[in-house]
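What follows is a single structure, written as structure tokens, with notes after it.
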């Protein structure tokens, strides 16, 4: 049986992952994905933010990915926030999702996080089931409002700019 490998995203995998990403994140353009992925993997604080990739050895093509970042929560303190879960495998997508959830637990522990928060951007029943099997429980609803004049990757305003 082939071995499932979960590892940090490498630069040579960025373009390989794009077709998988488009399966669930249909509005993400290639340039936006490349820019995002490059920024994440070149971040000097790389341990606090990253993308993990799943692939079956000896195959070179990825079959899953998830993005994560270390955040702070008012109640829990440090938490690992995971989102953009993708697992595309004809026969073993549940195994891929489970392995990524286990790796997120390991990363969270390494980063001193008290919890893993998973954000799901679709109504994927299998993903919800796998995360539930891995011990995740619903915590909150997330709402989203896209701002008309917001620039992607624009710097956040400083306190001085907000008080003027």
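The values are calculated or read from the model by the stated rules, or taken from the named source; none is laboratory data. Predicted model only: the values in this text are computed from it and were never measured. Quick reminder, even Gly has a Cβ in these numbers, built from the backbone with ideal geometry, and neighbours come from all protein chains shown.
In this entry, residue 7 passes the filter for residues that are part of a strand (DSSP E or B) and within 21 Å of residue 98 (Cα to Cα). For residue 55, the stated conditions hold: it is under 16 Å from residue 90 (Cα atoms), out of contact with any helix residue (DSSP H, G or I) (no Cβ under 6 Å at 6 or more places or on another chain) and touching a residue at least 40 places away in the same chain (Cβ under 8 Å).
Quick check: is even one residue across the range 34-43 buried (at least 18 other Cβ atoms within 10 Å of the Cβ), under 25 Å from residue 136 (Cβ atoms) and touching a residue at least 40 places away in the same chain (Cβ under 8 Å)? For the range 34-43, residues buried (at least 18 other Cβ atoms within 10 Å of the Cβ), under 25 Å from residue 136 (Cβ atoms) and touching a residue at least 40 places away in the same chain (Cβ under 8 Å): absent. Can you tell me which residues in the range 11-33 are more than 20 Å from residue 121 (Cβ to Cβ), exposed (fewer than 13 other Cβ atoms within 10 Å of the Cβ) and either in contact with a strand residue (DSSP E or B) (Cβ under 6 Å, 6 or more places away or on another chain) or touching a residue at least 12 places away in the same chain (Cβ under 8 Å) (or both)? Selection gives 11, 15.
Regarding the range 93-103, can at least one residue be identified that is within 17 Å of residue 22 (Cα to Cα) and either at pLDDT below 90 or surrounded by 19 or more Cβ atoms within 10 Å (Cβ to Cβ) (or both)? Within the range 93-103 (the criterion being within 17 Å of residue 22 (Cα to Cα) and either at pLDDT below 90 or surrounded by 19 or more Cβ atoms within 10 Å (Cβ to Cβ) (or both)), the answer is yes, since at least one residue qualifies.
Look at (1) buried (at least 16 other Cβ atoms within 10 Å of the Cβ); (2) assigned to a strand (DSSP E or B); (3) at pLDDT 90 or above; (4) under 12 Å from the mean Cα position of the chain (by Cα) and you find that residue 63 fails only one, number (4).
Looking at the structure I just gave you, is residue 77 exposed (fewer than 13 other Cβ atoms within 10 Å of the Cβ), farther than 30 Å from residue 12 by Cα and modelled with pLDDT of 90 or more? Answer is yes for this residue.
Restricted to the range 80-91, and to residues there that are in contact (Cβ under 8 Å) with a residue 12 or more places away in the chain and out of contact with any helix residue (DSSP H, G or I) (no Cβ under 7 Å at 6 or more places or on another chain), the residue that is surrounded by the fewest Cβ atoms within 10 Å (Cβ to Cβ) is 83.
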